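Colleague: Let me begin by handing over the structure; questions about it come next.
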Amino acid sequence: MLIQPENQRRELGKPVVFTCLVSGYPEPTVEWRKEKSSISSTKNGHIKRFQLKTNATLIQSVLNITAVTRNDNGTYFCESSNVVENLKETTEL
């Protein structure tokens, strides 16, 4: 993982963005998780979107929470995997 997501603190109702940058061959898949649950683009109605942007062999994954609630506090994981390796980085909100 080239860029790991950083721990963040936010007031309730404020937005927060977590980013991780990965590379690999073959191209890895990237998934965000909160504790043991996978995060989809509509989970709890306040996670705006999960997007992947590809630039050559680099993948930037952005988790954008548009309005933080108390339920958003916790540990988040950016997980990347391909047939060669699996990586997991953690961050806290």
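The values are calculated or read from the model by the stated rules, or taken from the named source; none is laboratory data. In this text, all values refer to a predicted model and were calculated from it rather than measured experimentally. Please note: Cβ atoms are built from the backbone with ideal geometry, for glycine as well, and neighbour counts cover all protein chains shown. Only protein heavy atoms, including side chains, enter the accessible area calculation; ligands, DNA and RNA are left aside. Shrake-Rupley method; radii C 1.70, N 1.55, O 1.52, S 1.80 Å.
Colleague: Residue pairs, Cβ under 6 Å, 6 or more apart or interchain, first in the stretch 1-23 and assigned to a loop (DSSP other than H, G, I, E, B), second aromatic (Phe, Trp, Tyr). List them.
Modeller: Every condition considered, the pairs that remain are Pro5/Phe18.
Colleague: With Lys53, Lys43 as the choices, which residue is modelled with pLDDT under 80, of a type outside the set (A, V, I, L, M, F, W, C) and open to solvent by 70 Å² or more (accessible area, probe 1.4 Å)? First the steps, then the outcome.
Modeller: Details: Lys43 fails: open to solvent by 70 Å² or more (accessible area, probe 1.4 Å).
Only one candidate passes the filter, namely Lys53.
Colleague: Looking at the structure I just gave you, is Ser37 at pLDDT below 80 and more than 13 Å from Phe18 (Cβ to Cβ)? Talk me through it step by step, then tell me what you get.
Modeller: Values: at pLDDT below 80: no; more than 13 Å from Phe18 (Cβ to Cβ): yes.
Against the criterion (at pLDDT below 80 and more than 13 Å from Phe18 (Cβ to Cβ)), Ser37 does not qualify.
Colleague: Given the criteria open to solvent by less than 90 Å² (accessible area, probe 1.4 Å), polar (S, T, N, Q), farther than 17 Å from Glu89 by Cβ and at pLDDT below 85, does Ser23 qualify? Lay out the reasoning, then the answer.
Modeller: Values: open to solvent by less than 90 Å² (accessible area, probe 1.4 Å): yes; polar (S, T, N, Q): yes; farther than 17 Å from Glu89 by Cβ: no; at pLDDT below 85: yes.
No.
Colleague: With the requirement that a residue be among the small types (Gly, Ala, Ser) and touching a Cys at 6+ places or on another chain (Cβ under 6 Å), what does the stretch 61-89 give you?
Modeller: Keep residues of the stretch 61-89 that are among the small types (Gly, Ala, Ser), which gives 61, 67, 74, 80-81.
Of everything in the stretch 61-89, just one residue is among the small types (Gly, Ala, Ser) and touching a Cys at 6+ places or on another chain (Cβ under 6 Å), namely Ser61.
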